[in-house]
1. Short version: what are the Cα gyration tensor semi-axes of segment 243-296, square root of 5 times each eigenvalue, largest first, in whole Å?
2. I'd like the FRET efficiency for R393 and V278, computed as 1/(1 + (r/R0)^6) with the beta carbon distance as r and R0 of 51 Å, rounded to 0.05.
3. What nm distance separates the two modelled labels at E162 and A68, each placed 7 Å from Cα along Cα→Cβ?
4. Show me 154-160, 249-255 ranked by packing, highest mean number of other Cβ atoms within 10 Å first.
5. Could you tell me how far the Cα centroid of segment 318-391 sits from the Cα centroid of segment 164-183, in Å?
6. Give the peptides 298-306, 129-137 in descending order of average Cβ contacts within 10 Å, highest first.
7. Give the peptides 144-152, 204-212, 307-315 in descending order of average Cβ contacts within 10 Å, highest first.
8. Nearest 0.05, what FRET efficiency do A347 and R431 give at R0 = 41 Å with Cβ-Cβ as r?
Amino acid sequence: MKRLWALVGALAAGSWCAAPAAAADVEAALRAMDRGEGVEAARTALAEEVARLSILQAMIERGEARRAAAERASSLAPEGSWIVAAAAALRAEASDDLPAAAGAAQRATELAPNDARLWRFLAELRLRQQDRAGARDALEHATALAPDSPLALVALGDLLREEGSFTAAFNAYNHAIGSDGGPASALLGRATARLYFGDPDGALQDLERAAATSPPGSARSRALMGILYLRSYLRQLPSGLDRAEEAARMWGELGAADEVAAVMNGAARVLLETGDPVSAEAWYQRGWQTVEGSAMPAAGKTIWQVRSLHGQARCAAVRREIERANGFADQAKALMAADAANADHYAWIRPYLDAYIAMYDRRAEDAVPLLLASDTERPHIRLLLADAYARLRDRANARLWYERALAAAVDLDAESVIVRPQAATWLERNR
């Protein structure tokens, strides 16, 4: 195979045009070439193999690197082959033309219906187009063809979990876990499914294993914070805060101040929404202090200062210190107004903050339009809307938004563990 890749540059740079392969067996073609025989057959077989490998390379690349690998594959593959269709899909995706990418990927699966990777790529494109049914169909094809493919199984598990089908998601994640106990993504997914169908002990075991076996970085942080979120969901805080401290130390050792702040904010949020605004405010402050004292460029620090002030304002509001809450909010808004780079983020967190303060100032009627102007795809915004309508004794809208909140709270994150118990409790009591 090293010899094969050594030929990539020569084949790609040459003037040879792909034709139907005369020798599908690359090793046989190489042996013939080494004997001085069948050079044309070897050239054809090698070009097709380089094209196939280039498609695989394109699948793991992004942007310009993806486009370049796809173009190399297309230049070497026989006209009308699945490789040409797949290359067109990858080039279109690299240019953010999702409809064209999905159409070309569909053609590729028709030409090579037994290639699980193509089906998985088609699923990815359909998901990005919000075609969940099409994505699920593609993933089911992929997992049927490659029942031991962790990536396809985890993707299918994620889709099922997002639909609230926790038992089916558990089964997909379970099949993705190999004899070595990995990958971490499958363990984390299975833990989430377990927690939400009523097996918190099993969920904790999966999270502990993922934390213990993952190298420093994102997967370990997700596992450690997952333990905190599980404890939050079970209303067992402050148990679990030690794992947030561990995650913060890990990111600090890696020199990632923004990740330290994200951990601090996550811990602060669950503390606030489960009844401890004093501790929550301290965690928000720690997050900003970490960023403030870091080597992060000044322009990148603003959003973290806004998040800290936003959190402290909500903590003050929960304590009915409305004047103090408005003071923090005013500071946050001044920073937002001067930070055009993060305007999209501020577009939803500003009305969320005003609505949050209004709710604790007993002005639910003012909170509703503010929340509707925020990001209503987020579980917590939906929960706050439901709470506001409930306070206004609008049971129909309250039910609608509690149901929507519950349907969206399917991750093992701060929002979901805050939202699921509250939404489920209201719906149970108001059947």
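1. 20, 12, 7
2. On the way: r = 32 Å, r/R0 = 0.62.
Once the sixth-power term is evaluated, E becomes 0.95.
3. The two pseudo-label positions are separated by 3.1 nm.
4. 154-160, 249-255
5. So the two Cα centres are separated by 38 Å.
6. Details: 298-306: 16.6, 129-137: 14.8.
Result, highest mean Cβ count within 10 Å first: 298-306, 129-137.
7. 307-315, 204-212, 144-152
8. Working: r = 37 Å, r/R0 = 0.89.
That gives a FRET efficiency of 0.65.
Laboratory data are not the source of any read-out in this text; all were calculated from the coordinates shown. Note that the structure is predicted; figures quoted are calculated from it, not measured. Reconstructed Cβ throughout: ideal geometry from the backbone, glycine too, with neighbour counts over all protein chains shown.
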